[in-house]
Amino acid sequence: MFGVGKNGGRRHFISMYCFKLELSFSSTTTPNLMPEFLVNSLGFSTEKAISASSKVTCLKPGNNKPNLVLNFFKQIGLDNTQIKILVYPAPTLLFADVGKTLEPKVRVLQEFGLSGLDLVRVISKSGPFLRTGLDTRIRPSLEYLRKLLGKDETVAKVLKRSPALLHYRLDRVMARNILFFLNHGCSSLDLEKLILRNPIIFVQKLEWLEDIVQRVEKEFCICRDSRMFYYGVEMLSSLSKSSLEMKLGIFRSFGWSDSDIITMVQRLPLCLTTSEVKLRNVLKFFMEELGYESSYIARHPTLIMFSLEKRVLPRIKIWELLQEKQVIKKVPCFYTVIKCSEREFLENYVLPVRDEIPEVYELYIKSRN
């Protein structure tokens, strides 16, 4: 009585699947076209389209707002991948009024000189910016940056560096943290440099900043009047405690003492922002292959920052050739050759011997390519 044949069972399973899928893509009264729109227009997977659609009211036939929003995004240069990043967490964005809501927010960024790819990047990386109040948050924040930094061009640089700043009411959050740094002896010039390099520091919780400042002083013995102090703040703010410990462990595995590490960080705190892979490769090369002591590298930490492939190895080969051929009266020490600028290196060690040792020039060109 209840038996079902093989083909009948398959048909029953398929019909039930189609019925469930239809329920997902429609309401009980009017079909919801949003999942279909997200799949066909933006390339969402069916699963993500259904998930996103659950966050908005039903898209009914004849509602052209999502198409208008999509066209607007494409006109300002966003591609489908960037639009998906904006839309997935907040699909209500597709129902925004282009003329009243979206255009004015884009225009205010253009007023500060953002255009083309820079504009696209800031919008696509700024998360809820397009859902943030223009007069309640966006304008007050941008006007605060304008007053703080003086030039619209500088404001644009800061936004390009950290689009996430547009999440915050900067005239409240940032002002509090700037006052903290000023009270700790930071000069206006150092403050501006720090904002340009790592502006996201200035929207963190005050307790977090206080902890970072204390750690720079206690863990690495960098005084607040040192020009490296705020580089230390920048370094620690960019690393989790576990990441920092892992990097310090790499130095210790090569025989570095805590004294060596502190010496290095006091001279160049940002060397600890180097990737773990690069740290291992650099230390292996300088210490195991070239035989340099940890104390020497600690006193010359810029060696850690240079690219082995693009800078160090080609220059070492050229340095060795110059010593071998003795065409330059006084060949400088290895560190001098490595640290000098590209222009100085070319003018002092490559072009003068181009005719006598053509392989030097060939090595240089190859490294630049």
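The values are calculated or read from the model by the stated rules, or taken from the named source; none is laboratory data. Nothing here was measured: the structure is a model prediction, and the numbers come from that model. Methodologically, a virtual Cβ is constructed for each residue, glycine included, from the backbone with ideal geometry; neighbour enumeration extends over all protein chains shown. Ligands, DNA and RNA are excluded from the accessible area calculation, which covers all protein heavy atoms including side chains. Shrake-Rupley method; radii C 1.70, N 1.55, O 1.52, S 1.80 Å.
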**Complete:** In the stretch 331-340, anything open to solvent by 50 Å² or more (accessible area, probe 1.4 Å) and farther than 16 Å from L321 by Cα is listed as K339
**Request:** May I ask you to say which residue of K105, K147, K84 is part of a helix (DSSP H, G or I), basic (K, R) and buried (at least 19 other Cβ atoms within 10 Å of the Cβ)?
**Result:** K105
**Request:** Go over the candidates V331, V337, V350 one by one and state the one that is β-branched (V, I, T), in a loop (DSSP other than H, G, I, E, B) and in contact with a helix residue (DSSP H, G or I) (Cβ under 8 Å, 6 or more places away or on another chain).
**Result:** V331
**Item:** Candidates S115, S124, filtered to the one that is modelled with pLDDT under 95, surrounded by fewer than 19 Cβ atoms within 10 Å (Cβ to Cβ) and within 17 Å of K74 (Cα to Cα)
**Value:** S115
**Prompt:** Are there any pairs with C-beta distances below 9 angstrom linking a residue in the stretch 111-126 that is free of Cβ contacts under 8 Å to residues at least 24 places away in the same chain to a residue that is buried (at least 17 other Cβ atoms within 10 Å of the Cβ), with the two at least 6 apart or on different chains, and if so which?
**Reply:** S115/L109
**Prompt:** Do any helices (runs of 4 or more DSSP H) entirely within the stretch 202-312 hold 2 or more residues that are exposed (fewer than 13 other Cβ atoms within 10 Å of the Cβ), and if so, which?
**Reply:** 206-220, 241-253, 258-267, 276-283
**Message:** Looking only at the stretch 223-245, count every residue that is without any contact (Cβ under 8 Å) to a residue 40 or more places away in the chain and of a type outside the set (A, V, I, L, M) and tell me the total.
**Reply:** 11
**Asked** Does K100 satisfy the condition of being part of a helix (DSSP H, G or I), closer than 29 Å to Y144 by Cα, out of contact with any helix residue (DSSP H, G or I) (no Cβ under 6 Å at 6 or more places or on another chain) and modelled with pLDDT of 90 or more?
**Response** yes
